[in-house]
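Novice: One structure coming up, written as structure tokens, with questions to follow.
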Amino acid sequence: MAEKKGYKTKHQGELIDYLKTIPGRHVTAGEICTCMKNSGSTIGTATVYRQLEKLVSEGTINKYIVDEGSSACYEYVPGAEHCSTENCYHLKCSSCGKLIHLECHEVAILTEHIKEHHGFTVDPRRTVFYGTCPDCGKEG
């Protein structure tokens with residue numbers, strides 16, 4: 001039986017409710033499954049993956065694949081506040097793995113330079129800068 005557009009299942013509702021509690025935070029499907037299980041949900045791993053892909057295709061959440069060695073990260077998009085512009089880049093901490101949004105005019109200028117002078121168009125949503133986040137920088 002085909003789902004009607006806009007129809008939300010119980011499990012999809014649970015998943016969205018959880019993601020709404022952590023706006024702007026990137027989580028893996030594994031982290032979501034663990035959290036759901038710890039909260040007493042009966043949602044299965046396959047259902048989590050299936051619902052995540054459906055929510056990505058609907059534009060309710062964003063999916064990020066930072067590099068080949070990492071699991072995909074998902075993020076709830078309340079009103080498309082995050083990554084809603086052409087100048088949304090990401091910073092990934094090499095120490096803790098945190099993925100941080102970066103909307104910076106200076107980086108946008110750099111991408112324009114790359115396009116104008118080198119003929120290469122940078123995809124902001126797939127551009128990740130690696131380094132150390134402020135929290136990990138304080139530790140060491």
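The values are calculated or read from the model by the stated rules, or taken from the named source; none is laboratory data. A quick note: this is a predicted structure, and the numbers were derived from the prediction, not measured. Backbone-built Cβ (ideal geometry, glycine too); neighbour counts: all protein chains shown. Surface areas here come from the heavy atoms of the whole protein model, side chains and all, with no ligands, DNA or RNA. Shrake-Rupley method; radii C 1.70, N 1.55, O 1.52, S 1.80 Å.
Novice: Where in region 48-65 is the amide nitrogen less than 17 Å from a point lying 7 Å along the Cα-to-Cβ axis of Lys20?
Specialist: 52, 55-56, 59-62
Novice: Follow-up question, since we're still on this one. Taking R0 as 25 Å, what's the FRET efficiency between Ile100 and Glu58 from their Cβ-Cβ distance, rounded to 0.05?
Specialist: E between Ile100 and Glu58, to the nearest 0.05, is 0.50.
Novice: Considering only protein heavy atoms and a probe of 1.4 Å, how much of the accessible area of the chain is carbon and sulfur, as a whole percent?
Specialist: Whole-percent figure for carbon plus sulfur exposure: 53.
Novice: With no solvent and one point per C-alpha, what does the Debye sum give as log10 I(q)/I(0) for the chain at q = 0.08, 0.13, 0.16 Å⁻¹?
Specialist: -0.27, -0.66, -0.92
Novice: 222 nm [θ] for the chain, helices only, -39500 (n - 2.57) per DSSP H run of 4+, per residue, to 500?
Specialist: Helix-only estimate at 222 nm: -12000 deg cm²/dmol.
Novice: Additional query: What's the ranking of 111-122, 40-51, 57-68 by average number of surrounding C-beta atoms within 10 Å, highest first?
Specialist: The most tightly packed comes first, giving 40-51, 57-68, 111-122.
Novice: Continuing with this model, one more query. Mean Kyte-Doolittle of at least 1.0 and a Cα length of 18 Å or more along the axis: which whole DSSP H helices of the chain meet both?
Specialist: Long hydrophobic helices here: none detected.
Novice: How much FRET efficiency would the formula 1/(1 + (r/R0)^6) give for Arg126 and Thr9, where r is the Cβ-Cβ distance and R0 is 35 Å, rounded to 0.05?
Specialist: Once rounded, the FRET efficiency stands at 0.70.
Novice: Would you mind telling me the antiparallel percentage of the DSSP bridges in the chain, rounded to 5?
Specialist: Approximately 75 percent, going by the DSSP bridge assignments.
Novice: Say the cut-off is 32 Å between C-alpha atoms; which of Lys63/Lys138; Lys92/Lys115; Lys54/Lys115; Lys115/Lys138 go over it?
Specialist: Over 32 Å apart, Cα to Cα: Lys54/Lys115; Lys115/Lys138.
Novice: What is the extension gain from Arg50 to His113, computed as 0.36 nm multiplied by their sequence separation minus the C-alpha to C-alpha distance, in nm to one decimal?
Specialist: 18.7 nm
Novice: Also: Per residue, how much accessible area does the chain show when a 1.4 Å probe rolls over the protein heavy atoms, in square angstrom?
Specialist: 64
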